[in-house]
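Take a look at the structure set out below.
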Amino acid sequence: MQNNKFLKIILFVLGLAVLLVFVLYYFVYEDIKSKNQHVSTLSNDLSSQSAKRDYLILTQKVIQNIGIDINRINNSIIAKDGDVKFIENLESIARQNGLTMTIDSLVLADNPEFASSSITTLQIRAKTKGNWSGNYKFLVELESLPIKIRVNKFDLSNTAVETGSDVKKAGVGIWQSTFEISVLKYK
Amino acid sequence: MFNLLPDNLKRKVKSEYRLRLSSVVLVFTLFVQVSFLFFIFPAWLGSSYKEKEAITQKDLLDKSLLILDTKTVSSAITTLNMKLNVINSVLQYPKVLPLVNSLLAKITGQIYINGLTFESTSAKTGTVAIRGISSNREALVVFVKKIQDSGLFKSVDLPISNFTKDKNIDFSVSMTIAP
């Protein structure tokens, strides 16, 4: 009888131990499963973030490499306070080509195409007076300026030639150009 | 066959046998479970290390992304795109100089140019007018023909009134530029 009771206790303890170990096994299994899932999610994040980082590094390098071009783009628009400098530059080009230059009007006009941006248009109407080659060179330099420019109107006339003059007697004379240009400018 | 054991003792023996058998089964089950636990332990350890490593890598990557300053890069690109868009789309016009050069190349000794007017109407269209003196009608006709043949202009208009005089003719030719 004593032996039987002792066996029952052993059986109970063993049963409890089996149950506990089973519970422990379940928790370990769940833990491994969740850890693996977490690792898988992190790996996916890592690969996508790594691709993002590589792309960013590449983009930064590209931006650094095209710095000169970016500067050129920035300089193709007149700075906020650069209108005076630009006009003086135009006058200087005219002087270098032996021309006298008169500014008739300066107008800031918002273009509907980029009204929302920080860029506006500066319209300049001016006259130059001098010889033919000076006016021609001025036009060449005007269209070759490193800024975004549009020649809206350009009129070049020889003021000295009278109507009906003989072709052979028509001299070099004084040439006057009247032009209207538009340039981009930061607001 | 003779029953040597009384019934109650038989039942006791049978009960003890079942208890012992159950104990053996449970011991075996426990052994199997512990073995499983033992074998699964390296996998659990591996998962833990993998997880730690992945977390460390992610932290490092996050820090490196912070250093990269994505906002600066994206804002630089956005601004640049906006400027390029504006520069490429606005203030387009047909260049004056190639037109002037082309017209000058067609002038002969019998033609004198005393005026030129250009006006751009859109990105690819515009008008050009050229004024001058021609020594005779033939020279003017040849000059205008050369302009027409250049293919630079959509239309070249020489009013008939230009031919009223036979020499030292004051003329005006109008041209339209089109794509």
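The values are calculated or read from the model by the stated rules, or taken from the named source; none is laboratory data. Because the structure is a prediction, the values reported are computed rather than measured. Ideal geometry is used to build each Cβ from the backbone, glycine not excepted, and the neighbour counts take in all protein chains shown.
Which of the residues spanning region B:95-108 are within 15 Å of B:GLY132 (Cβ to Cβ) and more than 8 Å from every other protein chain (Cβ to nearest Cβ)? Listed by number, the residues that qualify are B:LEU103, B:LEU104, B:ALA105, B:LYS106, B:ILE107, B:THR108. Annotation: A:ILE66 fulfils all but one of (1) facing chain B (nearest Cβ under 10 Å); (2) within 30 Å of A:PHE114 (Cβ to Cβ); (3) over 20 Å from the mean Cα position of the chain (by Cα); the unmet one is (3).
So which pairs qualify, if the first residue must be in region A:48-75 and within 22 Å of A:SER144 (Cα to Cα), the second must be in a helix (DSSP H, G or I), the Cβ gap must be under 7 Å, and the two must be at least 6 apart or on different chains? So the pair list comes out as A:ILE70/B:LEU80; A:ILE73/B:LEU80; A:ILE73/B:LYS83; A:ILE73/B:LEU84; A:ILE73/B:ILE87. For A:ALA17, the conditions (1) within 30 Å of B:SER48 (Cα to Cα); (2) surrounded by 16 or more Cβ atoms within 10 Å (Cβ to Cβ); (3) in contact with a Ser or Thr (Cβ under 7 Å, 6 or more places away or on another chain) all hold with the exception of (3). Within region B:114-130, can you find the residues that are more than 36 Å from the chain's Cα centre (by Cα), surrounded by fewer than 21 Cβ atoms within 10 Å (Cβ to Cβ) and facing another protein chain (nearest Cβ under 8 Å)? Of everything in region B:114-130, those that are more than 36 Å from the chain's Cα centre (by Cα), surrounded by fewer than 21 Cβ atoms within 10 Å (Cβ to Cβ) and facing another protein chain (nearest Cβ under 8 Å) turn out to be B:GLY115, B:THR117. For beta carbons closer than 6 Å, sequence separation of 6+ or different chains, a first residue in region B:151-179 that is within 16 Å of B:ILE107 (Cα to Cα) and a second that is hydroxyl-bearing (Ser, Thr, Tyr), the qualifying pairs are B:LEU152/B:SER102; B:ILE169/B:SER134; B:ASP170/A:THR163; B:PHE171/B:SER134.
Inside region A:108-152, residues that are facing chain B (nearest Cβ under 9 Å), assigned to a helix (DSSP H, G or I) and either touching a Pro at 6+ places or on another chain (Cβ under 7 Å) or modelled with pLDDT of 90 or more (or both) make up a count of 5. For A:ASN97, the criteria (1) touching a Gly at 6+ places or on another chain (Cβ under 7 Å); (2) in contact (Cβ under 8 Å) with a residue 60 or more places away in the chain hold in every case but one, which is (2). From the list B:GLU16, B:GLU51, the one residue that fits, being surrounded by 12 or more Cβ atoms within 10 Å (Cβ to Cβ) and in contact with a His (Cβ under 8 Å, 6 or more places away or on another chain), is B:GLU51. Among the residues of region A:29-63, the ones that are of a type in the set (Asp, Glu) and within 9 Å of chain B (Cβ to nearest Cβ) come to 2 in all.
Among the numbered conditions (1) surrounded by 14 or more Cβ atoms within 10 Å (Cβ to Cβ); (2) part of a helix (DSSP H, G or I); (3) within 14 Å of chain A (Cβ to nearest Cβ), the only one that B:VAL144 does not meet is (3). Only one of the numbered conditions (1) part of a helix (DSSP H, G or I); (2) free of Cβ contacts under 8 Å to residues at least 40 places away in the same chain is not met by A:THR102, and that is (1). When B:VAL100, B:VAL156 are screened for being part of a helix (DSSP H, G or I), within 30 Å of B:MET175 (Cβ to Cβ), of a type in the set (Val, Ile, Thr) and touching a strand residue (DSSP E or B) at 6+ places or on another chain (Cβ under 9 Å), only B:VAL100 passes.
Of the residues making up region A:97-110, those that are on the phi < 0 side of the Ramachandran plot and either touching a helix residue (DSSP H, G or I) at 6+ places or on another chain (Cβ under 8 Å) or outside the structural domain of A:GLY173 (by TED's automatic domain parsing) (or both) number 6.
Every residue, every condition in (1) over 30 Å from A:TYR29 (Cβ atoms); (2) surrounded by 15 or more Cβ atoms within 10 Å (Cβ to Cβ); (3) in contact with a helix residue (DSSP H, G or I) (Cβ under 8 Å, 6 or more places away or on another chain); (4) touching a residue at least 12 places away in the same chain (Cβ under 8 Å), yes or no:
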site	(1), (2), (3), (4)
B:SER35	no, no, no, no
B:PHE38	no, no, no, no
B:ASP62	yes, no, yes, no
B:THR79	yes, yes, no, no
B:LEU104	yes, no, no, no
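Among residues of region B:53-94 being in a loop (DSSP other than H, G, I, E, B) and modelled with pLDDT of 90 or more, the one that is nearest to the other protein chains (Cβ to nearest Cβ) is B:TYR93.
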